[in-house]
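Written out below as structure tokens is the structure these notes cover.
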Amino acid sequence: MAIDYLKRGKPEADRAEDDAKTASVVASTLKDIEARGDAAVRELACKFDNYDRDSYRLSEAEIEAIIAKVSPREMADIQFAQDQVTKFAQAQRDSMLDIEVEPMPGVILGHKNIPVQSVGCYVPGGKFPMVASAHMSVATAKVAGVPRIVACTPPFNGEPNPAVIAAMHLGGAHEIYVLGGIQAVGAMAIGTESIAPVHLLVGPGNAFVAEAKRQLFGRVGIDLFAGPTETMVIADDTVDAELCATDLLGQAEHGYNSPAVLVTNSRTLAEETLKEIGRILAILPTAGTARVSWEDYGEVILCDTYDEMLAVADDIASEHVQVMTDRDDWFLDNMTCYGALFLGPRTNVANGDKVIGTNHTLPTKKAGRYTGGLWVGKFLKTHSYQKVTSDEAATLIGEYGSRLCMLEGFVGHAEQCNIRVRRYGGINIPYGEGAPYRDAAE
């Protein structure tokens, strides 16, 4: 495999050191929230968001006043995007059916899809008000039928962002709090005097939010590890450098540690893209962030073949993978590890982030190897049930169960089966023994 890195990002050892520092800060902060509740949350909100109020939950009157600041045009755009997300989420929900089968006479097996009973939706917004994240979490939870939806977002420029609050409210949030960072996810998961804890945490965030969710997993469920944005462009000479550079930097502006990777089999495209990135950074208003992200986390990887491009892409398992080649559907058929695919030059990650309808909360840091992104199914729990309705079935299943329990040495388990065989089958089994084998002729 001939793979050439024309540009590398920060070494893995340095990234691991950054992660360790983040983990330490998060652990001590969560411990403080658990010990001091609302007082700790308020101190953190004042320190990191410069935002202080008696209650961080918005009242209905406050929500109405804030939403009134959103223009009719902006509200129509928010509603359009939310409609696309909920339509796709509803189609996904409709594909998830409750089932009940009778695999043998007298034995009923089934499962039910039950909504999680409470969910905490984190919507980032300290640097950029992430209006779309409200659709992805709050509106999708509503489609799933979650009866208590809590939403948190940090203040933007010192006050609740009207567009974000509008999206949360339209999406169906039952409680809205103006809280950001560790204090938001910690309060929702752990609970405080004023915030009842939730069963599930969802939504993207910065490295501290992602680490907080990781440490809280087990106490509550989480959707996935959604850390800093990652993007990959897989391209060949069917597209130009301007398109590739624009798509890489369009995601690098998310934060100072957002990996952006170009994988190509065209040296010309790779070299021209590097030049285009330099040109665009000179005029991009968000270059202060995108430049740092590109310098520290940007990579350009040159491969010989499409098979090598596929192997590299699956190994990196990027959150967003934009494919612009002469064989886009081949990548769709063969890629196995990623967050979401964006196929063809007409498609782009920004549309997926904001409006097209698929969910933009996606796995990062190679989590795409074992999970997909947030979807309506994450808000549902599939629970099985079973029922035996005849004496004959209770006897037959009990006999097999008895012998298999004894095979493993579980005598008490076997007796659960044996008592049914005695009562419903009239077969005498000595205590502590397995059921006898019946003659096949019987």
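Key figures
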| item | result |
| --- | --- |
| Evaluation of residue 85 against (1) of a type outside the set (S, T, N, Q); (2) buried (at least 16 other Cβ atoms within 10 Å of the Cβ); (3) more than 20 Å from residue 154 (Cα to Cα); (4) touching a Leu at 6+ places or on another chain (Cβ under 8 Å) (one fails), failing number | (4) |
| Test: residue 13 is open to solvent by less than 40 Å² (accessible area, probe 1.4 Å), assigned to a helix (DSSP H, G or I) and either within 30 Å of residue 312 (Cα to Cα) or of a type in the set (Asp, Glu) (or both) | no |
| Extreme residue, surrounded by the fewest Cβ atoms within 10 Å (Cβ to Cβ), among residues of the stretch 88-105 that are in a helix (DSSP H, G or I), of a type outside the set (Ser, Thr, Tyr) and free of Cβ contacts under 8 Å to residues at least 40 places away in the same chain | 94 |
| Test result for residue 227, of a type outside the set (Ser, Thr, Tyr), in contact with an Asp or Glu (Cβ under 9 Å, 6 or more places away or on another chain), part of a helix (DSSP H, G or I) and crowded, with 24+ Cβ neighbours inside 10 Å | no |
| Sole exception among (1) under 22 Å from residue 297 (Cβ atoms); (2) in a loop (DSSP other than H, G, I, E, B) for residue 350, by number | (2) |
| Qualifying residue in the stretch 121-137 (condition: of a type outside the set (Ser, Thr, Tyr), buried (at least 18 other Cβ atoms within 10 Å of the Cβ) and in a strand (DSSP E or B)) | yes |
| Number of the exception - residue 318 against (1) open to solvent by 10 Å² or more (accessible area, probe 1.4 Å); (2) touching an Asp or Glu at 6+ places or on another chain (Cβ under 6 Å); (3) of a type outside the set (Val, Ile, Thr) | (1) |
| Set 398, 377, 409: member being at pLDDT 95 or above, surrounded by 21 or more Cβ atoms within 10 Å (Cβ to Cβ) and over 30 Å from residue 239 (Cβ atoms) | 398 |
| Count of residues meeting criterion [over 15 Å from residue 223 (Cα atoms) and either open to solvent by 30 Å² or more (accessible area, probe 1.4 Å) or charged (D, E, K, R) (or both)] in the stretch 332-365 | 18 |
| Of all residues making up the stretch 40-60, the number that are more than 30 Å from the chain's Cα centre (by Cα) and open to solvent by less than 70 Å² (accessible area, probe 1.4 Å) | 1 |
| Meets criteria (open to solvent by 20 Å² or more (accessible area, probe 1.4 Å) and out of contact with any Lys or Arg (no Cβ under 9 Å at 6 or more places or on another chain)) for residue 310 | yes |
| Strands (runs of 3 or more DSSP E) within the stretch 252-331 that include 2 or more residues of a type outside the set (A, V, I, L, M, F, W, C) | 298-303, 320-324 |
| Residues of the stretch 210-220 satisfying the condition of being open to solvent by 20 Å² or more (accessible area, probe 1.4 Å) and not in a helix (DSSP H, G or I) | 217, 218, 219 |
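The rows are residues; the columns are (1) β-branched (Val, Ile, Thr); (2) closer than 23 Å to residue 59 by Cβ; (3) crowded, with 22+ Cβ neighbours inside 10 Å; (4) free of Cβ contacts under 8 Å to residues at least 40 places away in the same chain.
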{"site": "162", "(1), (2), (3), (4)": "no, yes, no, no"}
{"site": "172", "(1), (2), (3), (4)": "no, yes, no, yes"}
{"site": "177", "(1), (2), (3), (4)": "no, yes, yes, no"}
{"site": "184", "(1), (2), (3), (4)": "no, yes, yes, no"}
{"site": "187", "(1), (2), (3), (4)": "no, yes, yes, no"}
{"site": "208", "(1), (2), (3), (4)": "no, no, no, no"}
{"site": "233", "(1), (2), (3), (4)": "yes, no, yes, no"}
{"site": "249", "(1), (2), (3), (4)": "no, no, yes, no"}
{"site": "268", "(1), (2), (3), (4)": "yes, no, no, yes"}
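The values are calculated or read from the model by the stated rules, or taken from the named source; none is laboratory data. Computed from a predicted structure; not experimentally measured. Virtual Cβ from ideal backbone geometry, glycine too; neighbours counted across all protein chains shown. Heavy atoms of the whole protein, side chains included, go into the accessibility calculation; ligands, DNA and RNA do not. Shrake-Rupley method; radii C 1.70, N 1.55, O 1.52, S 1.80 Å.
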